[in-house]
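Scroll down for the structure; my scribbles are underneath it.
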Amino acid sequence: SGCYHFHQAEGHPEGYSACGSSLTCILVLEPGKAGLLHRFKVDHKRAEELRQLVMTDAQWCVESNDLHKEVRISGPATVDYFRCHEQMGYDRLRLTDCKCYVEVTIP
């Protein structure tokens with residue numbers, strides 16, 4: 001059980017190639033229940049991108065083999081994804097509140 005959080009942000013100076021990105025990962029493990037957020041966002045001067053996975057009602061377990069242990073999380077998830085360029089518009093693949101079932105393994 002526990003709560004684990006990772007955040008990383010990067011930025012580049014102003015100008016034609018100015019951009020910034022951020023990565024946020026949050027994992028909450030409670031007895032019999034898990035929550036997971038994985039969010040990656042990029043803002044370029046002329047484009048932006050978002051990749052996000054949210055699991056709020058998942059199950060989890062610890063599995064081990066001879067070499068190592070890993071946490072396996074599975075359950076319903078919501079996925080968001082888009083990429084948009086100032087001149088080209090949105091990519092053909094665009095997901096908003098897409099519901100699915102996901103299994104994630106963390107070594």
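General observations
- With contacts taken as Cα pairs under 8 Å at a separation of at least 6 residues, the chain carries a relative contact order of 19 percent.
- Correct choice for semi-axes √(5λ) of the Cα gyration tensor in Å that was computed from the model, options (i) 104, 6, 4; (ii) 106, 9, 5; (iii) 32, 17, 11: (iii)
- Here's how it looks for ALA58: its modeled amide H is under 5 Å from those of ALA34, which are all 5 or more places away or on a different chain.
- Note that region 20-102 presents 65 Å² accessible area per residue, ligands and nucleic acids not counted, probe 1.4 Å.
- Check: region 34-104 dipole with +1 on Lys, Arg Cβ and -1 on Asp, Glu Cβ, in debye: 280
- The chain, accessible surface, carbon-and-sulfur percent (1.4 angstrom probe): 54
The values are calculated or read from the model by the stated rules, or taken from the named source; none is laboratory data. Owing to the predicted nature of the structure, the values given are computational and were not obtained by experimental measurement. Every residue, glycine as well, gets a Cβ built from its backbone with ideal geometry; the counts of neighbours run over all protein chains shown. For accessibility, only protein heavy atoms count, side chains too; no ligands or nucleic acids. Shrake-Rupley method; radii C 1.70, N 1.55, O 1.52, S 1.80 Å.
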